[in-house]
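The values are calculated or read from the model by the stated rules, or taken from the named source; none is laboratory data. Since the structure is predicted, the reported quantities are computational estimates derived from the model, not experimental observations. All Cβ positions, glycine included, derive from the backbone under ideal geometry; neighbour counts span all protein chains shown. Ligands, DNA and RNA are stripped out before the accessible areas are found, and what is left, the full protein with its side chains, is counted by its heavy atoms. Shrake-Rupley method; radii C 1.70, N 1.55, O 1.52, S 1.80 Å.
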Amino acid sequence: MKILITPKSFKNYKEKTYPILQNLGCEIVENKTGRTLTEDEIIDIASQDVQGIIIGVDPLPKRVLESCKDLKAISKYGVGMDNIDLEAAEKLNIKVKNAVGSNNISVAELAIALIFEAARRVSVLGAGVRNGNWGRIAGVELTGKTIGIIGGGQIGKEVAKRAKGLCMEVLIYDPYYNDFEFLEKYGITLCDSLDKILSLSDIVSMHLPLTTDTKYIINTDTLKMMKPSAILINTSRGELVDEESLYTALKEKVIAFAAQDVFSKEPPSPDEKLLTLDNFILTPHAGAFTAEAVERMALYSTNNLVEMLNL
Ligand code: NAD
(Lines give C-alpha, C1' and ligand atoms only; values in the text may rest on other atoms or scores of the structure.)
Protein backbone atom coordinates (compact mmCIF):
# COMPACT_ATOMS: atom_id res chain seq x y z
CA MET A 1 0.00 0.00 0.00
CA LYS A 2 1.40 3.41 -1.00
CA ILE A 3 1.14 6.43 1.30
CA LEU A 4 1.95 9.97 0.15
CA ILE A 5 3.29 12.29 2.86
CA THR A 6 3.35 15.97 1.81
CA PRO A 7 4.30 18.24 4.80
CA LYS A 8 7.90 19.47 4.85
CA SER A 9 8.31 19.35 8.63
CA PHE A 10 6.95 15.77 8.86
CA LYS A 11 10.45 14.54 7.99
CA ASN A 12 11.73 15.85 11.35
CA TYR A 13 9.89 12.95 12.99
CA LYS A 14 10.32 10.26 10.35
CA GLU A 15 12.31 8.04 12.75
CA LYS A 16 9.26 7.79 14.99
CA THR A 17 6.53 7.71 12.35
CA TYR A 18 7.82 5.93 9.23
CA PRO A 19 8.37 2.60 11.06
CA ILE A 20 4.72 2.63 12.20
CA LEU A 21 3.61 2.67 8.56
CA GLN A 22 6.42 0.52 7.15
CA ASN A 23 5.89 -2.22 9.76
CA LEU A 24 2.29 -2.38 8.55
CA GLY A 25 3.47 -2.94 4.97
CA CYS A 26 3.19 0.62 3.64
CA GLU A 27 5.50 2.12 1.05
CA ILE A 28 6.09 5.82 1.73
CA VAL A 29 6.16 8.37 -1.09
CA GLU A 30 7.72 11.65 0.06
CA ASN A 31 7.15 15.17 -1.22
CA LYS A 32 10.66 15.93 -2.43
CA THR A 33 9.97 19.49 -3.66
CA GLY A 34 10.64 21.18 -0.31
CA ARG A 35 7.42 23.18 -0.72
CA THR A 36 3.66 22.75 -0.88
CA LEU A 37 2.63 20.56 -3.84
CA THR A 38 0.42 21.91 -6.62
CA GLU A 39 -2.82 20.19 -7.66
CA ASP A 40 -1.16 18.72 -10.77
CA GLU A 41 1.83 17.46 -8.82
CA ILE A 42 -0.49 15.64 -6.41
CA ILE A 43 -2.36 14.11 -9.35
CA ASP A 44 0.95 13.04 -10.93
CA ILE A 45 2.09 11.33 -7.75
CA ALA A 46 -1.19 9.98 -6.37
CA SER A 47 -3.49 9.23 -9.30
CA GLN A 48 -2.66 5.53 -9.09
CA ASP A 49 -1.86 3.15 -6.23
CA VAL A 50 -1.76 5.77 -3.46
CA GLN A 51 -4.34 4.75 -0.85
CA GLY A 52 -3.55 7.20 1.90
CA ILE A 53 -2.31 10.79 2.07
CA ILE A 54 -0.92 12.65 5.06
CA ILE A 55 -1.58 16.19 3.89
CA GLY A 56 -0.33 19.62 4.96
CA VAL A 57 -1.80 22.73 3.35
CA ASP A 58 -1.48 21.31 -0.21
CA PRO A 59 -4.73 21.60 -2.21
CA LEU A 60 -7.13 18.66 -2.42
CA PRO A 61 -10.11 20.00 -4.40
CA LYS A 62 -12.70 17.76 -6.08
CA ARG A 63 -10.66 17.56 -9.31
CA VAL A 64 -7.67 16.09 -7.46
CA LEU A 65 -9.75 13.73 -5.33
CA GLU A 66 -11.56 12.39 -8.40
CA SER A 67 -8.20 11.77 -10.09
CA CYS A 68 -6.77 9.81 -7.16
CA LYS A 69 -8.53 6.58 -8.06
CA ASP A 70 -7.25 4.39 -5.23
CA LEU A 71 -7.39 6.98 -2.45
CA LYS A 72 -9.19 5.72 0.68
CA ALA A 73 -8.10 8.08 3.45
CA ILE A 74 -6.77 11.61 3.99
CA SER A 75 -5.08 12.39 7.29
CA LYS A 76 -4.61 16.10 7.97
CA TYR A 77 -1.25 17.02 9.49
CA GLY A 78 -2.83 19.81 11.52
CA VAL A 79 -6.33 21.05 12.12
CA GLY A 80 -7.70 23.43 9.43
CA MET A 81 -9.28 21.39 6.63
CA ASP A 82 -10.15 24.23 4.24
CA ASN A 83 -7.68 22.87 1.66
CA ILE A 84 -9.72 19.65 1.35
CA ASP A 85 -13.06 19.42 -0.46
CA LEU A 86 -14.80 17.55 2.35
CA GLU A 87 -18.07 17.18 0.45
CA ALA A 88 -16.34 15.59 -2.54
CA ALA A 89 -14.34 13.31 -0.24
CA GLU A 90 -17.54 12.08 1.39
CA LYS A 91 -19.17 11.40 -2.00
CA LEU A 92 -16.08 9.51 -3.13
CA ASN A 93 -16.02 7.47 0.10
CA ILE A 94 -12.66 8.86 1.12
CA LYS A 95 -12.28 9.09 4.90
CA VAL A 96 -10.86 12.33 6.34
CA LYS A 97 -9.58 13.09 9.83
CA ASN A 98 -7.61 15.96 11.34
CA ALA A 99 -5.08 15.96 14.19
CA VAL A 100 -7.31 17.52 16.85
CA GLY A 101 -5.41 18.85 19.87
CA SER A 102 -1.97 18.56 18.21
CA ASN A 103 -1.10 22.24 17.83
CA ASN A 104 -3.56 24.29 19.86
CA ILE A 105 -1.04 25.29 22.53
CA SER A 106 1.60 26.38 19.99
CA VAL A 107 -0.85 28.47 17.96
CA ALA A 108 -2.25 30.05 21.13
CA GLU A 109 1.26 30.94 22.28
CA LEU A 110 2.04 32.55 18.91
CA ALA A 111 -1.19 34.58 19.15
CA ILE A 112 -0.03 35.85 22.56
CA ALA A 113 3.44 36.62 21.12
CA LEU A 114 1.83 38.65 18.32
CA ILE A 115 -0.28 40.55 20.86
CA PHE A 116 2.90 41.44 22.78
CA GLU A 117 4.62 42.43 19.53
CA ALA A 118 1.82 44.89 18.77
CA ALA A 119 1.74 46.19 22.36
CA ARG A 120 5.52 46.54 22.90
CA ARG A 121 7.15 46.33 19.40
CA VAL A 122 9.91 44.04 20.71
CA SER A 123 11.34 43.06 17.32
CA VAL A 124 11.23 46.63 15.97
CA LEU A 125 13.00 48.03 19.04
CA GLY A 126 15.63 45.28 18.91
CA ALA A 127 16.29 45.85 15.21
CA GLY A 128 16.61 49.58 15.93
CA VAL A 129 19.28 49.04 18.60
CA ARG A 130 21.23 46.77 16.24
CA ASN A 131 21.20 49.62 13.73
CA GLY A 132 22.49 52.13 16.28
CA ASN A 133 19.06 53.57 17.15
CA TRP A 134 18.46 53.85 20.91
CA GLY A 135 15.03 55.45 20.36
CA ARG A 136 12.00 53.96 22.10
CA ILE A 137 8.40 53.41 20.99
CA ALA A 138 5.67 53.98 23.58
CA GLY A 139 3.79 50.76 24.21
CA VAL A 140 0.51 49.86 25.91
CA GLU A 141 -0.13 47.57 28.88
CA LEU A 142 -2.24 44.46 28.43
CA THR A 143 -3.43 44.29 32.05
CA GLY A 144 -7.07 45.34 32.29
CA LYS A 145 -7.58 45.33 28.52
CA THR A 146 -10.38 43.33 26.90
CA ILE A 147 -9.59 40.56 24.45
CA GLY A 148 -12.34 39.31 22.17
CA ILE A 149 -11.78 35.76 20.97
CA ILE A 150 -13.71 34.79 17.84
CA GLY A 151 -14.03 31.00 17.89
CA GLY A 152 -13.92 29.30 21.28
CA GLY A 153 -12.52 25.92 20.19
CA GLN A 154 -9.22 24.20 20.98
CA ILE A 155 -7.02 27.22 20.19
CA GLY A 156 -9.43 29.94 21.32
CA LYS A 157 -9.67 28.37 24.78
CA GLU A 158 -5.88 28.19 25.17
CA VAL A 159 -5.65 31.88 24.22
CA ALA A 160 -8.42 32.65 26.72
CA LYS A 161 -6.60 30.90 29.59
CA ARG A 162 -3.34 32.74 28.83
CA ALA A 163 -5.12 36.10 28.51
CA LYS A 164 -6.69 35.56 31.95
CA GLY A 165 -3.17 34.88 33.25
CA LEU A 166 -2.19 38.30 31.86
CA CYS A 167 -5.03 39.91 33.88
CA MET A 168 -7.16 40.69 30.81
CA GLU A 169 -10.93 40.63 30.51
CA VAL A 170 -11.88 37.81 28.15
CA LEU A 171 -14.88 37.65 25.81
CA ILE A 172 -15.66 34.80 23.43
CA TYR A 173 -17.93 34.92 20.38
CA ASP A 174 -18.80 31.49 18.96
CA PRO A 175 -22.36 30.73 17.77
CA TYR A 176 -21.79 26.99 18.37
CA TYR A 177 -20.22 27.32 21.83
CA ASN A 178 -21.32 24.83 24.51
CA ASP A 179 -18.58 24.48 27.16
CA PHE A 180 -20.16 26.60 29.88
CA GLU A 181 -18.11 24.97 32.63
CA PHE A 182 -14.95 26.45 31.03
CA LEU A 183 -16.46 29.95 31.02
CA GLU A 184 -17.35 29.67 34.69
CA LYS A 185 -13.99 28.17 35.71
CA TYR A 186 -11.97 30.98 34.08
CA GLY A 187 -14.41 33.88 34.51
CA ILE A 188 -14.99 34.42 30.78
CA THR A 189 -18.02 36.08 29.19
CA LEU A 190 -19.75 34.69 26.10
CA CYS A 191 -20.77 37.42 23.64
CA ASP A 192 -23.94 36.89 21.65
CA SER A 193 -22.92 38.80 18.53
CA LEU A 194 -19.91 39.54 16.36
CA ASP A 195 -20.75 43.26 16.35
CA LYS A 196 -20.70 43.36 20.15
CA ILE A 197 -17.36 41.56 20.58
CA LEU A 198 -15.72 43.74 17.92
CA SER A 199 -16.90 46.99 19.48
CA LEU A 200 -16.02 45.97 23.08
CA SER A 201 -12.53 44.53 22.52
CA ASP A 202 -9.10 46.17 22.66
CA ILE A 203 -7.65 43.06 21.04
CA VAL A 204 -9.53 40.74 18.67
CA SER A 205 -8.02 37.30 18.12
CA MET A 206 -9.46 34.98 15.48
CA HIS A 207 -9.64 31.23 16.07
CA LEU A 208 -12.38 29.98 13.77
CA PRO A 209 -12.27 27.80 10.65
CA LEU A 210 -12.40 29.16 7.11
CA THR A 211 -15.72 28.15 5.53
CA THR A 212 -18.06 29.75 2.98
CA ASP A 213 -19.81 31.43 5.96
CA THR A 214 -16.67 32.82 7.58
CA LYS A 215 -14.76 34.02 4.49
CA TYR A 216 -14.11 37.80 4.85
CA ILE A 217 -15.82 37.89 8.25
CA ILE A 218 -13.44 40.82 8.81
CA ASN A 219 -14.20 43.38 6.10
CA THR A 220 -14.65 47.14 5.71
CA ASP A 221 -17.90 47.13 7.72
CA THR A 222 -16.71 44.92 10.59
CA LEU A 223 -13.37 46.75 10.82
CA LYS A 224 -15.31 49.99 11.38
CA MET A 225 -16.99 48.39 14.42
CA MET A 226 -13.62 48.02 16.14
CA LYS A 227 -11.94 50.61 18.39
CA PRO A 228 -9.39 52.92 16.72
CA SER A 229 -6.86 51.56 19.27
CA ALA A 230 -7.72 47.92 18.46
CA ILE A 231 -5.23 45.18 17.63
CA LEU A 232 -6.44 42.43 15.26
CA ILE A 233 -4.71 39.04 15.42
CA ASN A 234 -5.25 36.38 12.73
CA THR A 235 -3.52 33.05 13.22
CA SER A 236 -6.36 31.10 11.58
CA ARG A 237 -6.66 31.55 7.81
CA GLY A 238 -5.90 34.49 5.51
CA GLU A 239 -9.27 34.57 3.77
CA LEU A 240 -11.10 35.25 7.04
CA VAL A 241 -9.92 38.82 6.50
CA ASP A 242 -10.50 40.90 3.36
CA GLU A 243 -6.88 42.00 3.06
CA GLU A 244 -7.68 44.97 0.80
CA SER A 245 -10.06 46.36 3.45
CA LEU A 246 -7.52 45.65 6.18
CA TYR A 247 -4.86 47.60 4.27
CA THR A 248 -7.14 50.64 4.04
CA ALA A 249 -8.18 50.33 7.70
CA LEU A 250 -4.55 50.19 8.88
CA LYS A 251 -3.45 53.01 6.60
CA GLU A 252 -6.33 55.26 7.67
CA LYS A 253 -5.92 54.23 11.35
CA VAL A 254 -9.45 52.80 11.56
CA ILE A 255 -7.68 50.24 13.80
CA ALA A 256 -4.21 50.53 15.31
CA PHE A 257 -2.48 47.23 14.50
CA ALA A 258 -3.00 43.92 12.78
CA ALA A 259 -0.86 40.79 12.97
CA GLN A 260 -1.19 37.85 10.62
CA ASP A 261 0.42 34.42 10.62
CA VAL A 262 -1.65 33.44 7.59
CA PHE A 263 -2.37 34.97 4.18
CA SER A 264 -4.91 34.42 1.44
CA LYS A 265 -1.90 33.70 -0.80
CA GLU A 266 1.06 32.00 0.89
CA PRO A 267 3.70 33.25 0.66
CA PRO A 268 2.22 36.70 -0.08
CA SER A 269 3.55 38.30 -3.25
CA PRO A 270 6.40 40.78 -2.64
CA ASP A 271 4.16 43.63 -3.84
CA GLU A 272 1.44 42.81 -1.26
CA LYS A 273 0.56 46.29 0.06
CA LEU A 274 0.11 45.14 3.68
CA LEU A 275 3.84 44.41 3.82
CA THR A 276 4.60 48.12 3.45
CA LEU A 277 2.78 49.13 6.64
CA ASP A 278 4.57 49.66 9.98
CA ASN A 279 1.39 48.78 11.88
CA PHE A 280 1.16 45.39 10.19
CA ILE A 281 2.99 42.49 11.86
CA LEU A 282 3.54 39.18 10.12
CA THR A 283 4.91 35.67 10.48
CA PRO A 284 5.15 32.89 7.84
CA HIS A 285 2.34 30.49 8.89
CA ALA A 286 4.48 29.46 11.84
CA GLY A 287 1.74 28.98 14.45
CA ALA A 288 2.11 25.22 14.68
CA PHE A 289 5.83 25.18 13.96
CA THR A 290 7.27 24.21 17.33
CA ALA A 291 9.16 21.04 18.26
CA GLU A 292 6.27 19.86 20.40
CA ALA A 293 3.43 20.55 17.95
CA VAL A 294 5.29 19.14 14.95
CA GLU A 295 5.92 15.91 16.85
CA ARG A 296 2.27 15.65 17.92
CA MET A 297 1.02 16.46 14.39
CA ALA A 298 3.27 13.77 12.90
CA LEU A 299 2.25 11.13 15.44
CA TYR A 300 -1.47 11.97 15.51
CA SER A 301 -1.76 12.13 11.70
CA THR A 302 0.12 8.83 11.30
CA ASN A 303 -2.08 7.08 13.86
CA ASN A 304 -5.24 8.59 12.33
CA LEU A 305 -4.24 7.24 8.91
CA VAL A 306 -3.56 3.77 10.32
CA GLU A 307 -6.98 3.83 12.00
CA MET A 308 -8.84 5.05 8.87
CA LEU A 309 -7.17 2.41 6.65
CA ASN A 310 -7.81 -0.33 9.24
CA LEU A 311 -4.16 -1.37 9.08
P1 NAD B 1 -11.69 24.15 16.60
O2 NAD B 1 -12.52 23.40 15.63
O3 NAD B 1 -11.33 23.48 17.89
O4 NAD B 1 -12.38 25.54 16.97
C5 NAD B 1 -12.97 26.38 16.03
C6 NAD B 1 -14.12 27.08 16.73
O7 NAD B 1 -14.65 28.06 15.82
C8 NAD B 1 -15.27 26.14 17.08
O9 NAD B 1 -15.58 26.23 18.46
C10 NAD B 1 -16.44 26.64 16.23
O11 NAD B 1 -17.70 26.51 16.86
C12 NAD B 1 -16.05 28.10 16.03
N13 NAD B 1 -16.73 28.74 14.92
C14 NAD B 1 -17.18 28.18 13.77
N15 NAD B 1 -17.78 29.13 13.00
C16 NAD B 1 -17.72 30.28 13.72
C17 NAD B 1 -18.18 31.61 13.46
N18 NAD B 1 -18.82 31.92 12.35
N19 NAD B 1 -17.94 32.56 14.39
C20 NAD B 1 -17.28 32.26 15.54
N21 NAD B 1 -16.84 31.01 15.83
C22 NAD B 1 -17.05 30.04 14.93
O23 NAD B 1 -10.38 24.58 15.80
P24 NAD B 1 -9.00 25.10 16.41
O25 NAD B 1 -8.10 23.95 16.65
O26 NAD B 1 -9.28 26.06 17.51
O27 NAD B 1 -8.43 25.87 15.13
C28 NAD B 1 -9.02 27.06 14.64
C29 NAD B 1 -8.41 27.42 13.30
O30 NAD B 1 -7.05 27.77 13.45
C31 NAD B 1 -8.35 26.24 12.31
O32 NAD B 1 -9.57 26.09 11.59
C33 NAD B 1 -7.21 26.59 11.41
O34 NAD B 1 -7.68 27.29 10.29
C35 NAD B 1 -6.37 27.53 12.25
N36 NAD B 1 -5.05 26.97 12.55
C37 NAD B 1 -3.94 27.67 12.19
C38 NAD B 1 -2.68 27.19 12.48
C39 NAD B 1 -1.43 27.97 12.14
O40 NAD B 1 -0.38 27.38 11.95
N41 NAD B 1 -1.48 29.28 12.08
C42 NAD B 1 -2.54 25.95 13.11
C43 NAD B 1 -3.68 25.26 13.51
C44 NAD B 1 -4.93 25.79 13.19
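Checked against (1) within 30 Å of residue 85 (Cα to Cα); (2) open to solvent by less than 30 Å² (accessible area, probe 1.4 Å), residue 182 passes all but a single condition, namely (1). The conditions of being in a loop (DSSP other than H, G, I, E, B), open to solvent by 60 Å² or more (accessible area, probe 1.4 Å), of a type in the set (Lys, Arg) and in contact (Cβ under 8 Å) with a residue 24 or more places away in the chain are not met by residue 161. Taking segment 192-244 as the range and being among the polar types (S, T, N, Q) and either near the ligand (Cβ under 10 Å from one of its atoms) or within 24 Å of residue 157 (Cβ to Cβ) (or both) as the test, the residues that pass are 193, 199, 201, 205, 211, 214, 222, 234, 235, 236.
Every residue, every condition in (1) open to solvent by 10 Å² or more (accessible area, probe 1.4 Å); (2) more than 21 Å from residue 211 (Cβ to Cβ); (3) not acidic (Asp, Glu), yes or no:
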residue	(1), (2), (3)
27	yes, yes, no
50	no, yes, yes
58	no, no, no
61	yes, no, yes
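Name every residue in segment 274-301 that is open to solvent by 50 Å² or more (accessible area, probe 1.4 Å), closer than 24 Å to residue 9 by Cα and not in a helix (DSSP H, G or I), in order of residue number. Of everything in segment 274-301, those that are open to solvent by 50 Å² or more (accessible area, probe 1.4 Å), closer than 24 Å to residue 9 by Cα and not in a helix (DSSP H, G or I) turn out to be 282, 284, 285, 289.
Does residue 173 satisfy the criteria of being within 13 Å of the ligand (Cβ to nearest atom), open to solvent by less than 30 Å² (accessible area, probe 1.4 Å) and either farther than 21 Å from residue 140 by Cα or charged (D, E, K, R) (or both)? Answer is no for this residue. Being more than 14 Å from the ligand (Cβ to nearest atom) and part of a loop (DSSP other than H, G, I, E, B) is the filter here; which residues of segment 257-266 pass it? Listed by number, the list holds a single entry, 265.
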